[in-house]
Amino acid sequence: MGKQFDQIGDDHRTFIEQQHMFFCGSAAPEGKVNISPKGNDSLRVMSPTRIVWRNLTGSGNETAGHLPVNPRMTLMWVGFETRPMIMRAYGTAKCLHPRDTEFDALNALFPPHIGARQIYDMHVDMLQTSCGYAVPFFDHVGPRDVLDKWADNKGRTGIDTYWQDRNQRTLDGLPTHILDKSE
């Protein structure tokens, strides 16, 4: 039986901080629903109702295109190693790009990364936990460094070209606003 909470408690925060990965779900009013696994040191619980997470350059850019037309976001953590629990944070989020005023201060919460593409700032409306008793055990071996090496090899110019060529539209053709100019 799931339990709902109106904020992130200390025990919830501890569980979140112990997880090596999380999943992000977003969708526009029409089209494909996106669910993406996220890793690295990319998420911070800022308060009982606020989470920020950093998105690195990758093959897709769905969430950035979904939020301007539908700001709903769901984050999910799964206890694969010891504690059997599934936790979901439901809420609304905004997308911040490197050109946005708030980006640098939030990006500084994370280790430097040349591929930092967006910061998502989420207001949590509800947190839900469920047992996770049927989730199998998986051992965490360690983080992958493939994305880090890829971004370092691309360099700033290569990342900018990648954004231009591969990150401007969602699968359904929505603009991601990645290359918009500052207002």
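The values are calculated or read from the model by the stated rules, or taken from the named source; none is laboratory data. Here the structure is a predicted model, which is why all the values come from computation and not from measurement. We place every Cβ from the backbone using ideal geometry, glycine too, and count neighbours over all the protein chains shown. Accessible surface is based on the protein model in full, side chains and every heavy atom, while ligands, DNA and RNA are left aside. Shrake-Rupley method; radii C 1.70, N 1.55, O 1.52, S 1.80 Å.
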## Note on the structure
Straight-line reach check, LYS154, cutoff 28 Å on alpha carbons, 8 or more apart in-chain or any other chain, hits among lysines -> LYS38, LYS94, LYS181
### Task
Mind ranking HIS66, HIS113 by accessible surface for me, highest first, 1.4 Å probe?
HIS113, HIS66
### Task
Please state the charge dipole magnitude for region 1-133, taken about the Cα centre, from unit charges on C-beta atoms (+1 on K and R, -1 on D and E), reported in debye and rounded to the nearest 20.
180
### Task
Note the full-extension length gain between ASP125 and PHE138 as 0.36 nm times their separation in residues minus their Cα-Cα distance, in nm to one decimal.
1.7 nm
### Task
Please give the contour-minus-distance gain from THR14 to ASP148: 0.36 nm per residue of separation, less the Cα-Cα distance, rounded to one decimal in nm.
45.6 nm
### Query
Between region 55-121 and region 1-29, what's the alpha-carbon centroid distance in Å?
13
### Where VAL69, VAL124, VAL33 fall by accessible area, highest first, once all protein chains stay in place (1.4 Å)
VAL33, VAL69, VAL124
### Query
Any idea which of LEU56, MET76, ALA116 is furthest toward the positive side of the dipole for region 45-132, if Lys and Arg beta-carbons carry +1 and Asp and Glu beta-carbons -1?
MET76
### Two-site FRET efficiency, VAL33 against ARG156, from Cβ-Cβ distance with R₀ of 30 Å, rounded to 0.05
0.40
### Message
If DNA, RNA and ligands are ignored and the probe is 1.4 Å, what is the ranking of PHE15, PHE138 by accessible area, most exposed first?
### Response
PHE138, PHE15
### Task
Loop sites only, by DSSP: take the trypsin sites (Lys or Arg not before Pro) in the chain that have at most 15 other C-beta atoms within 10 Å and name the longest stretch containing none of them.
33-98
### Query
If the convex hull of the alpha-carbon atoms of region 124-183 is projected onto planes in all directions, what is the mean projected area in square nanometres?
8.6
### Query
For the chain, what is the calculated [θ] at 222 nm in deg cm²/dmol (nearest 500), taking -39500 (n - 2.57) for each run of four or more DSSP H residues and dividing by its residue count?
-6500 deg cm²/dmol
### Query
Taking Cα pairs under 8 Å and at least six residues apart, what relative contact order does the chain come out at, in percent?
27
## Note on the structure
Carbon plus sulfur, as percent of the 1.4 Å-probe accessible area of the chain, comes to 53
### Task
Might you tell me the accessible area per residue for the chain, computed with a 1.4 Å probe and given in Å²?
56
### Message
Not counting ligands, DNA or RNA, and with a 1.4 Å probe, what is ILE178's accessible surface area in Å² rounded to the nearest 10?
### Response
10
### Task
Give the residue from LEU171, GLY155, THR129 lying farthest towards the positive end of the charge dipole for region 129-183; charges sit on Cβ (+1 for Lys and Arg, -1 for Asp and Glu) and the dipole is referred to the Cα centre.
GLY155
## Note on the structure
Karplus-derived 3J(HN,Hα) from phi for region 90-99 (6.51 cos²θ - 1.76 cosθ + 1.60, θ = phi - 60°), whole Hz, x at Gly and Pro, runs 10, x, 10, 9, 10, 9, 10, 9, x, 6
